[in-house]
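The values are calculated or read from the model by the stated rules, or taken from the named source; none is laboratory data. Fair warning: this is a prediction, and the values are worked out from it, not measured in the lab. Here Cβ is always computed from backbone atoms with ideal geometry, including for glycine, and neighbour counts include all displayed protein chains. Heavy atoms of the whole protein, side chains included, go into the accessibility calculation; ligands, DNA and RNA do not. Shrake-Rupley method; radii C 1.70, N 1.55, O 1.52, S 1.80 Å.
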Amino acid sequence: MAGFILIVVAALFFPGVILRTKSIASGRKGPGIFQPWKDLSLLLRKGSVFSDTTGLIFKIAPSITLATVIGAMLFLPFAQQKALLSFEGDFIMFAYLLALGKFFTIIAALDTGSSFEGMGASREALFSMLVEPAFFILMATFAMFTGYTSFSVIFNHFFITGNDYVLIYSIIGAYLLVQITMIENSRLPVDDPKTHLELTMIHEVMILDYSGFDKALIHIAGYLKFAIYGSLIYNLVVPAGWNVILQIGLFFAVQVLFAGVIGFTESFRARNKMNKNPKFILTLSSIALIAFMVILILTEKLA
Amino acid sequence: MFGSTAFLIILVLSLLVYAVPEWLKHYFTLGLLTAGIALTSAWSIGVLAGTGQEYEFPLFASEAGVRMVLVIDSLSAFFILVINFTVLIGFLYSRGYLEPYRARMNALRFSIHYFSYLWLWISMLMVVMVRDGLSFLIVWEIMALSSFFLVIFDAEERSILKTGISYLIMMHVSMFFILVAFLIVQKDTGQMSFDSLGEYFGRHRNLPLFLLFFAGFAIKAGFIPLHTWLPEAHPAAPSHISGVMSGVMIKMGIYGIIRVVASMQSDLLVTGVIILIISLISGVLGVMMAIVQHDLKRLLAYHSIENIGIIGIGLGLGVIGQAIGNHALSLLGYAGGVLHVLNHSLFKSLLFFNAGSVYLAAHTRNMEQTGGLMKRMPWTAILFLTGSLAICGLPPFNGFISEFLIYMGMFGSLPGASLFHSILIVGSIAALALIGGLAIFCFTKAFGIVFLGEPRSEQAGNAREADKSMIYPQLATAAMILFIGLGSPLVVKPVFGIVGQTWNLGTQPLVIGAFTANLAQISLAGGIFVVTVAALLLYRRYHLSRRVVEAGPTWGCGYTAVTAKHQYTATSFAYNYNHLARPLLQTKKEIDEIGEDEIFPRKRKFLSHSDDLFKRHLVDRPVNLVTGLLKRLAVMQTGEIRHYILYAFVFMLLVLLLATLKII
């Protein structure tokens with residue numbers, strides 16, 4: 001339960017922290033930390049415009065996407081407390097639920113019949129397909145390292161396996177998860193959410209035709225997703241056995257740091273050339289594979 | 001005995017299809033099907049619900065010693081139920097699908113069609129019920145022949161007949177391997193039967209015989225590189241036939257592999273690794289080739305290869321688990337594979353039926369000519385979407401459950417695994433994850449291009465929803481898909497039982513209990529998800545009812561003269577992927593570049609096409625080589641009688657010479 005609530009709380013300020021970081025880095029005064037949620041409340045007050053081309057899929061997709069994200073949140077533990085739903089292989093369902101959300105986002109974009117949105121859909125489909133193996137190899141590494149196959153138990157045992165090299169995994173895992181978040185949430189260096197040209201967008205171009213309530217749902221799902229990955233990273237870097245009060249503080253510290261990292265990256269880095277992206281994403285799988293090989297060496301299976 | 005007599009009566013009555021008047025043929029066939037399905041399903045449920053006792057009775061036995069005995073164990077029972085369900089739904093669907101054909105085809109064509117349909121069903125049932133090798137080969141042959149007649153039903157076009165014949169040839173190559181394998185068993189044990197396999201395997205090396213059987217059965221199942229008939233035959237056949245062939249007939253190959261593997265006693269590790277690697281290749285390449293297809297049914301056919309791959313991954317892991325003594329891996333791998341047989345039969349037949357409805361409504365299978373069909377055929381679209389989500393393995397649909405079992409087997413076997421095993425498993429995990437991702441890419445394309453957006457051609461714009469008689473049966477399939485997805489423990493538990501008996505795993509109830517409890521959690525998560533979606537949609541409705549909702553055009557970036565042709569097409573959707581996969585897919589483009597002196601470019605064509613590499617190098621090239629050689633030999637065919645007499649004379653001389661030299 002704690003994990004669920006903390007993610008919701010973190011999602012409240014996560015996008016704001018990114019915005020603030022970017023403002024500070026570029027020397028602007030910039031909007032306040034809760035500006036994204038103020039924008040949301042504006043969206044919720046507005047009416048909606050639907051394209052004549054769109055149909056049922058376009059209307060239900062945002063709700064389904066948000067539901068998949070809420071579903072995925074059920075699997076995340078906090079400290080030594082188990083997640084709301086925890087079973088062997090829950091991370092498989094976690095990944096596939098998020099993929100279900102992607103599926104609907106993509107077909108909703110195709111529902112508009114716009115070539116721009118088709119282009120975004122095609123890119124999103126390709127990039128999220130390429131990132132899939134990286135996450136699974138990473139989880140396989142953890143399963144091998146701890147001997148368990150569920151988020152809650154893996155993270156509970158992560159720091160008490162008695163393996164001296166646990167920090168290596170913690171760092172590689174955190175690095176990979178940061179990169180996966182960037183791809184899953186369509187941020188730099190794969191996609192630039194602030195680009196103003198449809199041709200260079202991925203995620204933004206897919207939701208061009210959304211307005212009002214549905215658009216708000218899409219944004220909420222995006223913010224929650226940030227906090228979900230932030231929480232995964234937190235679980236990897238902070239031992240589950242520490243004092244709970246300290247942990248709650250650390251949790252928010254990690255989330256703020258994570259948001260800050262994203263803000264800084266976006267301030268100082270340009271987006272990849274579009275056809276460089278597949279190479280970039282596949283690199284993550286290779287890093288995950290290297291991490292796996294390292295574990296084989298450390299557990300003395302590979303001399 | 002009553003049961004076998006009733007079964008025999010159905011076999012004999014099937015001949016009457018030719019005699020009954022035309023308007024009655026459909027109902028007559030339906031009556032026979034229903035009776036037979038009720039009978040065989042009752043047997044199967046009896047076996048599955050009972051203590052797992054085998055059910056055995058002779059079908060007929062003549063005094064000359066020719067006898068055919070039907071044996072139903074839990075594995076046969078499972079397959080019988082899978083066959084019956086899809087065959088029945090397919091037949092119900094066929095009524096509406098065949099309607100346009102009625103006007104232009106004569107009664108005999110329809111009689112042959114119905115008769116072949118009945119016998120395809122009967123032969124598949126018998127394939128899983130007979131154990132004796134000779135009977136098996138006979139019914140296997142009947143299965144190939146009847147499906148051949150079904151494929152060429154629409155053979156007004158020469159190309160379909162050609163496809164049919166090449167299909168028939170492939171099926172006989174398959175049969176040749178199985179025959180040789182059975183003969184080897186007979187020579188050694190004196191008995192030609194699945195039951196004597198164990199005896200043979202106990203005495204000899206297991207691998208060579210397994211490879212023979214595997215080659216035969218893998219052609220039927222469509223493992224790469226033996227899949228070449230599959231993407232040709234499925235699009236050529238009428239859609240209800242494609243659904244039945246892809247849904248259940250190719251699974252007969254899987255059934256054969258299971259029977260052989262379950263009797264094996266040594267060489268298990270290498271066998272498992274072989275099955276696993278071939279399956280991984282089939283899975284990944286199958287879906288990779290599916291993405292670039294424009295023909296909706298061909299795309300689905302390539303997906304069958306992918307799914308056969310997933311089934312094979314499960315079986316391969318099971319064998320490896322037995323080899324290294326990892327009980328949980330065996331149980332989960334086999335159960336995942338076997339369950340995927342059922343799952344794939346459901347969603348793939350559903351998808352093929354819907355592709356058929358699209359074909360009837362839009363008169364094309366080319367995705368570039370479709371679009372916007374969801375508004376015109378909402379039920380077909382929703383059913384196709386259900387099938388798409390299921391085939392991508394997304395929760396809460398059934399495909400997820402079988403893939404989850406396989407994943408669980410893999411992840412669960414990692415802790416404490418040996419070096420070789422862990423590398424193999426991690427490779428498989430990455431490949432399975434990639435297959436999942438690629439499938440999503442493929443089906444967002446298929447569903448999005450065909451059903452969403454604006455129609456890309458006039459026919460697509462005029463499409464009408466399929467007849468209710470075609471929709472209703474499919475709803476049953478969709479309901480099964482959701483049922484397995486949300487109520488998985490109810491289905492997986494019997495599957496564990498079947499697996500335990502087939503492979504003699506002697507599974508402890510405790511282990512099964514733990515896995516089933518795990519699946520109950522998935523059902524819970526699925527349930528929560530469905531409730532969340534429903535709640536959000538209800539709230540959305542309430543919310544929007546109090547706001548201004550307007551309609552407008554799609555955002556065109558300031559450009560207002562947008563037409564349907566500006567939409568993304570199937571080719572453009574797959575373009576970036578195609579760019580990545582070019583070395584493997586060998587997409588060819590044909591275009592003549594615009595010359596520098598060409599101020600006003602003339603009209604020109606652009607053509608892009610991806611070949612099946614395996615078909616080109618493994619089938620087309622050798623066949624062309626042989627035909628080329630044979631053509632050269634045609635010089636001898638002079639048409640003059642004296643030359644022919646000379647050939648005979650030379651031949652006799654040769655025989656005489658060889659005989660004197662004691663060579664022959």
Fill in the blank from the handout: Going through segment A:122-168 in order, the residues found to be assigned to a helix (DSSP H, G or I) and among the aromatic types (Phe, Trp, Tyr) are A:Phe127, A:Phe135, A:Phe136, A:Phe142, A:Phe145, A:Phe151, A:Phe155, A:Phe158, A:Phe159
Practice task
Within segment B:408-448, count every residue that is part of a helix (DSSP H, G or I) and facing chain A (nearest Cβ under 7 Å).
Solution key: 18
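Test of understanding: among B:Phe176, B:Phe182, B:Phe210, which residue is surrounded by fewer than 24 Cβ atoms within 10 Å (Cβ to Cβ), more than 24 Å from B:Leu613 (Cα to Cα) and not polar (S, T, N, Q)?
None of the others qualify; the one that does is B:Phe176.
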Exercise for the section: Taking only segment B:185-195 into account, find how many residues are touching a helix residue (DSSP H, G or I) at 6+ places or on another chain (Cβ under 6 Å) and touching a residue at least 24 places away in the same chain (Cβ under 8 Å). Expected result: 4
Practice task
Test B:Lys220 against the criterion of being part of a helix (DSSP H, G or I), open to solvent by 30 Å² or more (accessible area, probe 1.4 Å) and either basic (Lys, Arg) or not assigned by TED's automatic domain parsing to the domain that holds B:Gly316 (or both), and give yes or no.
Solution key: no
Exercise for the section: Among the numbered conditions (1) more than 8 Å from chain A (Cβ to nearest Cβ); (2) part of a helix (DSSP H, G or I); (3) in contact (Cβ under 8 Å) with a residue 24 or more places away in the chain, tell me where B:Ala466 comes up short. Expected result: (2)
Handout entry: Residue, nearest to the other protein chains (Cβ to nearest Cβ), within segment B:572-584, restricted to residues that are closer than 22 Å to B:Arg616 by Cα and open to solvent by 10 Å² or more (accessible area, probe 1.4 Å)
Key = B:Leu580
Handout entry: Any hit, segment B:615-632, residues being modelled with pLDDT of 80 or more, small (Gly, Ala, Ser) and at positive phi
Key = no
Practice task
State yes or no: is B:Ile160 open to solvent by 10 Å² or more (accessible area, probe 1.4 Å) and assigned to a helix (DSSP H, G or I)?
Solution key: yes
Problem - Residues of segment B:437-459 classified as within 26 Å of B:Ile281 (Cβ to Cβ) and open to solvent by 10 Å² or more (accessible area, probe 1.4 Å), total - result: 1
Practice task
Filter segment A:257-303 down to residues that are farther than 18 Å from A:Leu177 by Cα and in contact with a Pro (Cβ under 8 Å, 6 or more places away or on another chain) and give me whichever is nearest to the other protein chains (Cβ to nearest Cβ).
Solution key: A:Asn272
Practice task
Tell me which residues, restricted to segment B:29-56, are without any contact (Cβ under 8 Å) to a residue 24 or more places away in the chain and under 19 Å from B:Tyr93 (Cβ atoms).
Solution key: B:Gly31
Practice task
Assess whether A:Val254 counts as being under 20 Å from the mean Cα position of the chain (by Cα) and more than 14 Å from chain B (Cβ to nearest Cβ).
Solution key: yes
Handout entry: Residue within segment A:166-185 that is touching a helix residue (DSSP H, G or I) at 6+ places or on another chain (Cβ under 6 Å), open to solvent by less than 20 Å² (accessible area, probe 1.4 Å) and facing chain B (nearest Cβ under 9 Å) present
Key = no
Problem - Matching entry among B:Ser349, B:Ser357 (being open to solvent by less than 20 Å² (accessible area, probe 1.4 Å) and touching an Asp or Glu at 6+ places or on another chain (Cβ under 9 Å)) - result: B:Ser357
Exercise for the section: Take segment A:50-63 and flag every residue that is open to solvent by 30 Å² or more (accessible area, probe 1.4 Å), under 24 Å from the mean Cα position of the chain (by Cα) and at the interface with chain B (Cβ under 7 Å from one of its Cβ atoms). Expected result: A:Ile60
Handout entry: Condition check for A:Gly89: touching a residue at least 24 places away in the same chain (Cβ under 8 Å), buried (at least 19 other Cβ atoms within 10 Å of the Cβ) and at the interface with chain B (Cβ under 9 Å from one of its Cβ atoms)
Key = yes
Problem - For B:Arg205: the one exception among (1) open to solvent by 10 Å² or more (accessible area, probe 1.4 Å); (2) part of a helix (DSSP H, G or I) - result: (2)
Practice task
Hey, can you tell me all the residues within segment B:111-135 that are free of Cβ contacts under 8 Å to residues at least 60 places away in the same chain, surrounded by fewer than 24 Cβ atoms within 10 Å (Cβ to Cβ) and within 27 Å of B:Gly198 (Cα to Cα)?
Solution key: B:Ser123, B:Met126, B:Leu134
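Any idea which residue in segment A:96-108 is farthest from the chain's Cα centre (by Cα), counting only those that are more than 8 Å from chain B (Cβ to nearest Cβ) and of a type outside the set (Val, Ile, Thr)?
So the residue we want is A:Ala108.
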Practice task
For segment B:503-516, state whether one or more residues are touching a Ser or Thr at 6+ places or on another chain (Cβ under 8 Å), over 30 Å from B:Tyr575 (Cα atoms) and not small (Gly, Ala, Ser).
Solution key: yes
Practice task
Being assigned to a helix (DSSP H, G or I) and either over 14 Å from A:Thr65 (Cα atoms) or hydroxyl-bearing (Ser, Thr, Tyr) (or both) is the filter here, so list the residues in segment B:529-548 that pass it.
Solution key: B:Thr532, B:Leu538, B:Tyr539, B:Arg541, B:Tyr542, B:His543, B:Leu544, B:Ser545
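Rundown of residues vs (1) within 11 Å of chain A (Cβ to nearest Cβ); (2) in contact with a helix residue (DSSP H, G or I) (Cβ under 7 Å, 6 or more places away or on another chain); (3) surrounded by 10 or more Cβ atoms within 10 Å (Cβ to Cβ); (4) of a type outside the set (A, V, I, L, M), yes/no style:
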| position | (1), (2), (3), (4) |
| --- | --- |
| B:Tyr542 | yes, no, no, yes |
| B:Thr563 | yes, no, no, yes |
| B:Tyr568 | yes, yes, yes, yes |
| B:Lys589 | no, no, no, yes |
Exercise for the section: Quick one: which residue in A:Gly147, A:Gly120, A:Gly113, A:Gly71 is among the small types (Gly, Ala, Ser) and surrounded by fewer than 24 Cβ atoms within 10 Å (Cβ to Cβ)? Expected result: A:Gly147
Fill in the blank from the handout: In the set A:Leu66, A:Leu6, A:Leu12, A:Leu40, the lone residue that is at the interface with chain B (Cβ under 8 Å from one of its Cβ atoms), out of contact with any Cys (no Cβ under 8 Å at 6 or more places or on another chain), closer than 28 Å to A:Gly263 by Cβ and outside any strand (DSSP E or B) is A:Leu66
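So which of B:Gly500, B:Gly513 ends up being assigned to a helix (DSSP H, G or I) and surrounded by fewer than 19 Cβ atoms within 10 Å (Cβ to Cβ)?
B:Gly513
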